[in-house]
Amino acid sequence: MKSAWLIGGAALALTSAMVWAQEAPVDLLPPGFDDPAPSPSPAPAPQPSRAPAPTQGSTPQPTATQSGEIVQPLPVEAAPSGANLDLSDLPTLQELEDMSTDELDEFLGLKPKFDIPPAARRSMERVGVLGAGEGGLPSASLEKQPAGLVRAVLAGTTQPMVSRWGHILLRRALASRLAAPEGMDPVEFATLRVNVLNAMGEYVVARALVQDIDTGNYSPALTNAAVEAYIGSADVVGACPAVQLVQTNRDDTEWQMLAGICNAYAGETTRAQNDLRRLLNRTQDDRIDVLFAQRFAGAAGRGRRAVTIEWDDINSLTPWRFTMANTLGETIPDNLLDRASPQLLSIAAITPALTPAQRAAGADVAGTSGILSSAAMVDLYSQLYAQDGVAGPAAQTASSLREAYVGTSPVQRIGAIRDIWSSGGDYSYGRMVLTAYAAARIPPSSDFSEDAGGLIASMLAAGLDRDAVRWSGEVDGGSQAWALLALAAPNSSTGISSGDIDSFIDDDSSSGQRKSRMLVAGLAGLDKIGEGALDQYDGRLGVNITAESRWTRMIDKAAAVNNRALVAMLAGLGMQGASWDRMTARHLYHIVSALRRVGLDAEARMIAAEAVARA
């Protein structure tokens, strides 16, 4: 019992000691903190000393305090001086709230300027889609040519070509992978080429050319040309990188519609619909354009808002309306289609969203101009023939085309070809392009002499000169068939006599004997008649084919230095127009002669033959 009291007392004493130890005051200040401050002593005189040079990769050393703690010093940056800051341009809070996402990103410097990573960006040294090994012209063709000359030639080409083969040649030159002339910005050079392709109706090729350039290198002018190409090729969303990245001064209705569409397909559907709705409220005229944009943008999200397209009081068909209606499956009224320009009809021929029957409406225009090849036209009508339940003129043409290939006799096949030609209307030459391969299957015979001229012209429309030459022994001298073969034959002056030329001129019933003038100009340009004969026919036809002008001197100089690209572009400059009435025999002579001298003999022969067939 006594031991238990002793143990309890010891425990109580220990516990009390612990309690007193916990309740005792503890000095939390570091040692020496509460010591009296030492009396001040005179400061030693400062001694100049050199600061140690910082070493690469050195870092600030931690500082040891009196308590032994290690404190890492914070990096100190010098505050920028506000003496030169101009705060007057800062927007107000209300202006910041009213800014769109793009405007806010641009203000804060967050708007991207490139959509391609640095390692994948392409050089502007050579721009184009056709290399020299792919049928294009040499890349250095224009590199040493005067920049002012090239600029003037391309800027002056603002209309489609009158010649199908001239169109094909110029398209090949513009699509080639070329270096810009010295002293010309490569972006400007590309812009000029894209503008010419757009003027020719070659929107697909123009789109391919602008896609060969990084969007970060676009200029405002190239952006405008690219937007036109994308709309013309029915690829509206393809224009979005340029619309969203390139700084332009455009704020027109078309640009705002494109911005709304691009925002919708970038995932900002609500913002896009709000912007387009405000644009519609501000638009008094051409509200149908904004309605098309709303409907197109609505396809990007889950919006269930219906947009009704009404064609009332619409008197014209623009490229925007034509492309949007075809893309969205909106039926265009017949009264507008009847007045549609040839350029719009050619857009329909290359729009994949349309049915073969709808594309056939513009196939003749595209074939005549050179946008569609003969093989492409045959493919189109073959698809049309394979569809069930299709009726109308296009279906009848498809049936006749099949008959032109599989008819049991040449007479039956020629009859089907005639039916196709007769229904061509204003673009009957496009039907000749369509029947080129069928015409090449007709065996040469004098029994078909009445159709020989049309059959040969059809074959030459697709460049089938070897098939056409097989008719040489079956045609009458001085006939149109003879004239076409005289121009298209690869050999020089074989089989060409002055008597045959005289017979052709005597029988020529064309207006102003244009066919005879084109024949003489083509033969002279191909060097198939001499200067003496040329002078004789000049006097008889009342023309001066060799007369010079500034343009003729330029194309002759380009041929003298054997520059194919410059000759092709100058030839395109001289072949602008809506019809062959705009083409003169003098222009034809210099174009054919220049092409022959630079080695483009095939193109020269086809252009000369086309001139006689279509004059």
Computed over segment 266-378, the relative contact order (Cα-Cα under 8 Å, seq sep at least six) in percent reads 16
Once the mean of 1/r over all distinct C-alpha pairs in segment 281-380 is inverted, the Kirkwood radius in Å reads 14.8
Here the relative contact order (percent) of segment 317-378, from C-alpha pairs under 8 Å and at least 6 apart, is 25
Expressed in µm² per second, the diffusion coefficient of segment 292-334 from the Stokes-Einstein equation, with Rh the Kirkwood radius over alpha carbon pairs, at 25 °C and 0.890 mPa s, is 217
Under a 1.4 Å probe, counting only protein heavy atoms, Asp581 has an accessible area in Å², nearest 10, of 120
Mean projected area (nm²) from the convex hull of Cα positions in segment 122-205 is 5.4
Descending packing, highest mean Cβ count within 10 Å first, for 557-564, 531-538 is 557-564, 531-538
Over all Cα pairs of segment 497-555, the Kirkwood radius sets Rh, and Rg/Rh then becomes 0.98
Computed over the Cα atoms of segment 462-563, the Rg and Dmax in Å are 14.7, 43
With 0.36 nm assigned to each residue of separation and the Cα-Cα distance removed, Arg339 to Asp252 gains 28.7 nm
Packing-ranked peptide list from 235-244, 187-196, highest mean Cβ count within 10 angstrom first, is 187-196, 235-244
Note to self: with every protein chain in place and a 1.4 Å probe, segment 387-526 gives an accessible area per residue in Å² of 43
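Net charge near Val561: determine it from the other residues with C-beta under 12 Å of the C-beta of Val561, scoring Lys and Arg +1 and Asp and Glu -1.
Result for the neighbourhood of Val561: +3.
The values are calculated or read from the model by the stated rules, or taken from the named source; none is laboratory data. Keep in mind that what you see is a predicted model, and the values were worked out from it rather than measured. Don't worry about glycine lacking a Cβ; one is built from the backbone with ideal geometry, like all the others, and counts go over all protein chains shown. Heavy atoms of the whole protein, side chains included, go into the accessibility calculation; ligands, DNA and RNA do not. Shrake-Rupley method; radii C 1.70, N 1.55, O 1.52, S 1.80 Å.
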